[in-house]
Amino acid sequence: MPDIPQVGDLQVSQDLDFQERSWRVQRIGWTIFSLILLAAFVGLLGGGPLSAASAGGENEPLEVQYARFARHRSPTQIEVKLQPGAVSGDEARVWVDSQYLDGVELQNIVPEPDSAEAAPDRMIYVFKVNQGDQPTSITFNVMPERAGVRKVRVGLDGGATLNFRQIVYP
Amino acid sequence: MDSILRAVATYFFLLLVFRVSGKRSLADISTFDAVVLLIISESIQQALIDGDESMTNAFLLVLTLIGMNVLMQWLSIRSPKLDNLLNDVPLVLIEDGRVLHDRLRRVRVTEDDILEQGRALLGVERMEQIKYAVLERSGGITVIPKRVSWANPDLDGNAAAEASG
């Protein structure tokens with residue numbers, strides 16, 4: 001075996017250049033891993049302070065709280081808050097666009113809607129509400145089935161519409 | 001197709017993590033390493049099967065993982081560069097009786113580790129009796145004491161130079 005390098009009496013394929021390079025790569029690798037862990041810790045990979053987001057707001061009839069970063073097949077919530085005066089009468093008609101619903105498994109809605117209506121591009125859920133001067137919230141528990149950037153549109157039938165994005169990690 | 005892609009992705013992820021974390025990460029499994037290994041397999045399992053608990057899926061995963069392993073071995077026999085990338089290179093830690101402390105530190109090996117290996121296999125009593133110690137690609141340490149070195153047929157390690165020279 002002519003090609004095997006020799007170290008002293010020892011025939012061993014030591015490769016110090018490669019060794020140095022691999023140590024450098026290991027250091028870089030660990031820096032990257034640490035950054036990933038740090039990102040996960042603050043919620044950039046789902047489920048942390050930086051992941052909590054909301055659309056709409058105090059002065060609008062509708063507010064939605066959601067996770068900016070969700071994970072494939074990991075339950076997440078979309079909480080729709082109806083501000084006082086958002087609904088006239090005792091019925092709230094909240095819709096979610098069907099493109100988003102196609103990419104998730106809708107596990108349940110709290111409170112349960114009274115009825116649901118399918119429109120070409122959206123699903124309309126009808127809730128009985130008894131609204132005083134406090135906001136009312138409706139929670140959609142969903143489990144994302146598709147990874148990628150998902151556009152979400154939620155609104156009140158004949159009223160305000162909110163747009164937001166949700167990033168679903170594989 | 002999904003499960004095959006998942007298995008391939010998992011294979012490369014684990015390969016990357018273990019290569020980056022260094023040689024010593026799982027060789028010479030201690031009790032705690034074994035626990036960590038178990039937890040790793042448990043955590044990766046969910047992502048690997050992804051709710052598909054069929055036998056078809058399980059068999060496909062096993063075939064893919066074993067297949068990847070065989071493929072990588074096949075490739076690394078043909079390409080020494082790839083072989084180095086996948087399996088690392090050996091590193092001499094004690095050269096002709098000289099302990100290379102800088103290297104020991106960088107590969108997280110202590111003199112105790114080397115002595116332990118020497119005691120276990122060759123009845124080495126003291127550091128001075130060791131001629132070579134090598135951190136092998138597998139992450140294990142091999143020790144060649146002066147008295148069993150082929151270059152020193154004599155029991156006295158110092159006689160070697162005269163004999164060969």
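The values are calculated or read from the model by the stated rules, or taken from the named source; none is laboratory data. Quantities reported herein were computed from a predicted structural model and do not represent experimental measurements. So basically every Cβ, Gly included, is an ideal-geometry build from the backbone, and we count neighbours across all protein chains shown.
Quick look at the values:
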{"quantity": "Residue that is surrounded by the fewest Cβ atoms within 10 Å (Cβ to Cβ), among those in region B:120-141 that are closer than 11 Å to residue B:92 by Cα and of a type in the set (A, V, I, L, M, F, W, C)", "calculated": "B:134"}
{"quantity": "Qualifying residue in region B:2-9 (condition: in contact with a Gly (Cβ under 9 Å, 6 or more places away or on another chain), within 13 Å of chain A (Cβ to nearest Cβ) and in a helix (DSSP H, G or I))", "calculated": "no"}
{"quantity": "Residue check, residue B:124 of a type outside the set (Ser, Thr, Tyr), free of Cβ contacts under 8 Å to residues at least 24 places away in the same chain, more than 12 Å from chain A (Cβ to nearest Cβ) and in contact with a Pro (Cβ under 7 Å, 6 or more places away or on another chain)", "calculated": "yes"}
{"quantity": "Residue list for region B:38-52, filter: surrounded by 13 or more Cβ atoms within 10 Å (Cβ to Cβ) and either assigned to a helix (DSSP H, G or I) or modelled with pLDDT of 85 or more (or both)", "calculated": "B:40, B:44, B:47, B:48, B:49"}
{"quantity": "Strands (runs of 3 or more DSSP E) contained entirely in region A:14-77, each with at least 2 residues that are surrounded by fewer than 15 Cβ atoms within 10 Å (Cβ to Cβ)", "calculated": "A:52-56"}
{"quantity": "Qualifying residue in region B:106-120 (condition: under 29 Å from residue A:27 (Cβ atoms), free of Cβ contacts under 8 Å to residues at least 24 places away in the same chain and within 13 Å of chain A (Cβ to nearest Cβ))", "calculated": "yes"}
{"quantity": "Tabulated pairs, region A:1-24, first at the interface with another protein chain (Cβ under 7 Å from one of its Cβ atoms), second outside any loop (DSSP other than H, G, I, E, B) and surrounded by fewer than 16 Cβ atoms within 10 Å (Cβ to Cβ), C-beta under 7 angstrom, 6+ apart or interchain", "calculated": "A:23/B:106"}
{"quantity": "Members of region B:83-104 that are within 11 Å of chain A (Cβ to nearest Cβ), over 21 Å from residue A:13 (Cβ atoms) and in a helix (DSSP H, G or I)", "calculated": "none"}
{"quantity": "Filter result for residue A:101 (more than 17 Å from residue A:153 (Cβ to Cβ), free of Cβ contacts under 8 Å to residues at least 60 places away in the same chain and either facing another protein chain (nearest Cβ under 10 Å) or out of contact with any helix residue (DSSP H, G or I) (no Cβ under 6 Å at 6 or more places or on another chain) (or both))", "calculated": "no"}
{"quantity": "The listed residue being more than 29 Å from residue A:170 (Cα to Cα), out of contact with any Asp or Glu (no Cβ under 7 Å at 6 or more places or on another chain) and touching a residue at least 60 places away in the same chain (Cβ under 8 Å), out of B:88, B:83, B:96", "calculated": "B:88"}
{"quantity": "Enumeration of residues in region B:45-55 that are more than 12 Å from residue B:2 (Cα to Cα) and either in contact with a Gly (Cβ under 6 Å, 6 or more places away or on another chain) or more than 11 Å from chain A (Cβ to nearest Cβ) (or both)", "calculated": "B:45, B:53, B:54, B:55"}
{"quantity": "Test set (1) assigned by TED's automatic domain parsing to the domain that holds residue B:142; (2) loosely packed, with under 11 Cβ neighbours inside 10 Å; (3) not aromatic (Phe, Trp, Tyr) - residue B:30 fails condition number", "calculated": "(1)"}
{"quantity": "Residue check, residue A:134 over 24 Å from the mean Cα position of the chain (by Cα) and either in a loop (DSSP other than H, G, I, E, B) or without any contact (Cβ under 8 Å) to a residue 40 or more places away in the chain (or both)", "calculated": "yes"}
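Yes or no, residue by residue, for (1) of a type outside the set (D, E, K, R); (2) in the same structural domain as residue A:135 (by TED's automatic domain parsing); (3) at pLDDT 90 or above:
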| position | (1), (2), (3) |
| --- | --- |
| A:11 | yes, no, no |
| A:20 | no, no, yes |
| A:23 | yes, no, yes |
| A:47 | yes, no, no |
| A:56 | yes, yes, no |
| A:59 | yes, yes, no |
| A:64 | yes, yes, yes |
| A:67 | yes, yes, yes |
| A:70 | yes, yes, yes |
